[in-house]
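Data first, discussion second: the structure below is written as structure tokens.
The values are calculated or read from the model by the stated rules, or taken from the named source; none is laboratory data. Because the structure is predicted, anything quoted here is derived from the model rather than measured. Here Cβ is always computed from backbone atoms with ideal geometry, including for glycine, and neighbour counts include all displayed protein chains. Just the protein is used for accessible areas: all its heavy atoms, side chains included, with ligands, DNA and RNA removed. Shrake-Rupley method; radii C 1.70, N 1.55, O 1.52, S 1.80 Å.
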Amino acid sequence: MPIPPAYALVATDLDGTLLRRDDTVSPRTRAALALAARAGARHLVVTGRPVPGIRGLLAGLGYRGPAVCGQGTQLYDAGSGRLVRALTLDREAADAALGKIEAQVGPVFAAVDQDGADGRTLIEPGYAMPHPTLPAQRTRHRHELWAAPVVKVLVRHPELTDDALAEAARGAVGDLATVTLSGPGTVELQPYGVDKGTGLALAAEYLGVAADSAIAFGDMPNDLPMFRAAGYGVAMANAHPELRAAADEVTSSNEDDGVAAVLERVFGAGPGPSVRRRAVQSDIRQ
């Protein structure tokens with residue numbers, strides 16, 4: 001009987017982690033993912049991007065399994081093209097949350113990711129997309145953002161740093177929404193209690209494995225819940241300091257094949273993964 005792999009899942013964020021700046025995956029990282037697959041591990045994409053923003057990318061990777069999208073709000077089966085599950089953010093609560101944030105920090109610019117495999121990203125006047133390659137439709141007024149169900153809201157401030165805006169938003173919205181910082185210029189609101197950790201747990205159940213059988217890779221604070229749910233968390237060298245501090249290991253950057261370096265060690269012919277989550281943090285955390 002084959003020996004099961006130490007990790008049944010390889011859970012990877014996309015932007016700043018698996019993807020390079022040009023939205024591509026390097027040949028070395030592709031080969032490392034194939035190495036993990038031959039060992040019996042499943043690759044699981046766990047991203048803040050909504051389904052419409054990653055379908056083409058997943059197709060280019062030849063990715064056929066489930067993917068956690070929209071900060072844990074969506075579980076998408078890439079093989080069948082089916083949205084397995086989606087959780088929406090109450091639109092009245094979202095509008096109220098924006099009002100509370102603006103009462104705290106002054107005017108902000110907002111965008112929304114609509115529900116559904118074909119949902120649009122709508123941006124109000126003044127909002128600049130942090131990923132200009134992702135499609136978005138501009139509205140004339142904020143109220144147009146709520147024309148259809150949404151999975152999350154994106155918020156930007158003209159002056160505050162991302163960390164300051166995220167901290168202020170958490171203090172302002174309470175249990176109206178979960179606040180995440182998922183990338184430069186990307187503070188987001190999603191349904192309360194929903195995050196990448198709950199998304200990983202849902203995907204693991206869908207695949208019939210335990211969430212803590214995952215080795216997870218990320219670069220931003222929105223990956224913290226995924227690290228807590230997984231068996232082992234690896235931060236990229238380019239990761240936010242908060243994630244680096246919480247990681248079991250820090251690898252090289254997304255531009256320097258940091259994911260591949262760890263997978264080659266874990267699933268390759270070299271020394272195997274003799275550590276499990278938090279077992280020897282002092283030896284491997286950088």
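Between Ser80, Ser253, Ser26, the Gaussian network model of the chain with springs among Cα atoms under 10 angstrom shows the greatest mean-square fluctuation at Ser80. One decimal place: the segment Asp77-Asp23 gains 17.4 nm when fully extended, by the rule 0.36 nm per residue minus the C-alpha distance. Angle of helix 27-38 to the longest C-alpha principal axis of the chain, folded into 0 to 90 degrees and rounded to 10: 70°. Here the spin labels are modelled as points 7 Å beyond Cα on the Cα-Cβ line, and at His143 and Ala34 they lie 5.6 nm apart. When the Gaussian network model of the chain links Cα atoms closer than 10 Å, the mean-square fluctuations of Gly79, Gly197, Gly258 top out at Gly79.
The distance from the alpha carbon centre of region 26-73 to that of region 125-204 is 22 Å, rounded to a whole number. For region 184-276, build the charge dipole from Cβ charges (+1 Lys, Arg; -1 Asp, Glu) around the Cα centre, then report which of Ser213, Met236, Ala246 sits farthest towards its positive end. Working it through, the farthest residue towards the positive pole turns out to be Ser213.
The charge dipole of region 78-219, taken about its Cα centre with unit charges on the Cβ atoms of Lys, Arg (+1), Asp and Glu (-1) only, comes to about 380 debye. Solvent exposure of region 14-144, expressed per residue, is 45 Å² of accessible area, with all protein chains present and a 1.4 angstrom probe.
Could you tell me how many degrees, from 0 to 90 and to the nearest 10, lie between the Cα long axis of helix 258-267 and the main elongation axis, the longest principal axis, of the Cα atoms of the chain? With rounding to tens, the tilt is 40 degrees. Across the accessible surface of region 1-62, with the other protein chains kept in place and a 1.4 Å probe, carbon and sulfur atoms take up 59 percent. Between Pro158, Pro66, Pro241, where does the largest GNM mean-square fluctuation fall for the chain, given springs only between Cα atoms within less than 10 Å? Looking only at Pro158, Pro66, Pro241, the biggest GNM fluctuation is shown by Pro158.
With the simple model of a label 7 Å out from the Cα in the direction of the Cβ, Gln104 to Glu167 spans 1.1 nm.
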